[in-house]
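The values are calculated or read from the model by the stated rules, or taken from the named source; none is laboratory data. The shown structure was predicted, so the numbers you read here are calculated from the model rather than taken from an experiment. So basically every Cβ, Gly included, is an ideal-geometry build from the backbone, and we count neighbours across all protein chains shown. For the accessible areas, the whole protein counts, side chains as well, though only heavy atoms, and no ligand, DNA or RNA atoms are used. Shrake-Rupley method; radii C 1.70, N 1.55, O 1.52, S 1.80 Å.
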Amino acid sequence: MTSTAPSVPEAPIQAAPEADPRPVGTSPAAADAPMLSGLPHVPCPRELAPADARQLTRLFFERLRTLEEGTRAYQYVRNTLIEMNVSLVNFAARPFRDRPGGPENEDIVQVGIIGLIKAIDRYDPDRNTQFTTLALPYITGEIKRHFRDTTWAVRVPRRLQELRSELAKATDALGSVLGHAPSQAELARYLDLTEDEVREGLVAANGYSTQSLDAPQDSADDNRRAAASSRSARSLAETVGEPDAALEAVEDWHTLAPLLAGLDERSARILRLRFAQEMTQAEIGAEVGLSQMHVSRILTRTLHELREQLLRDD
């Protein structure tokens, strides 16, 4: 024998005056059921149609104001309001998705829900305004604050963060009017700022996002070279120079050359055999007809004299 649930053709919401509602994982105690009497049973608050959500939101707010904060009934009604209005968060988060350097979509929604909760706690039904009128600015403001505080690669003062946004808007506005990218002077006149302030804002904007040294360079020249050689574009690390140890020695060699020229023939020959031909002291002694100890003393004395002359302040 099988049983089927009764169909509800006219409306997806049913009134359950005496039933124990369980919509969002919150199970009020039996003693709280009378306080929830008259509220409809909402099994899946997030799946409500927008029109149904608006209607139920008003009803749940009317009940929320009659409940004592901290009770299970209060938490149930408040949590159901949050679940029913998550669609507002998804709507407000759309313009912020796919921003360069921005967080993942789920993170944006979580931040927006914080704004939604703040709006629910501050909404007053007696003002006779739609809840969305209050909720959307709260949600959008919370998301913008999150971008401002967490998405900058380099932390800069809030004044410069706001100036970056103003400069971006001014650049777009002037670009469409002038037909070219505005100069710093034009931006300064448009925003009633000094050129130094504009320059400071443009420099600070560079701290919004960073680029990996291993990221391939996508400039036109690199793309042409990559296509010609059938290889991928070079990374930034491959194009950045590094200190050349040989260059650091150029000045030393330039200073040492006249000092070497002033050495006697035997000392110069021993140095050449030791450091140019990399012979041992015993081999040098056999080559010049001296003992190894004598060669060692000549090398020590010659190197000491050269070192003193190199370090001498003329």
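Brief remarks follow.
- Count of residues meeting criterion [surrounded by 14 or more Cβ atoms within 10 Å (Cβ to Cβ) and farther than 19 Å from Asp107 by Cβ] in segment 143-160: 2
- Qualifying positions in segment 174-186 - farther than 15 Å from Leu202 by Cα and part of a loop (DSSP other than H, G, I, E, B): Gly179, His180
- Residue in segment 85-94 that is open to solvent by less than 60 Å² (accessible area, probe 1.4 Å) and either under 20 Å from the mean Cα position of the chain (by Cα) or over 27 Å from Asp52 (Cα atoms) (or both) present: yes
- Residue count for segment 190-227 under the criterion of being surrounded by 11 or more Cβ atoms within 10 Å (Cβ to Cβ), in a helix (DSSP H, G or I) and at pLDDT 80 or above: the result is 12.
- Residue ID - surrounded by the most Cβ atoms within 10 Å (Cβ to Cβ), chosen from residues in segment 27-66 that are modelled with pLDDT under 80 and in a helix (DSSP H, G or I): Leu36
- Only one of Arg158, Arg148, Arg164, Arg189 that is charged (D, E, K, R) and within 15 Å of Asn206 (Cβ to Cβ): Arg164
- Annotation note: of Thr171, Thr132, Thr140, the sole residue that is touching a helix residue (DSSP H, G or I) at 6+ places or on another chain (Cβ under 9 Å), open to solvent by 50 Å² or more (accessible area, probe 1.4 Å), in a helix (DSSP H, G or I) and among the polar types (S, T, N, Q) is Thr171.
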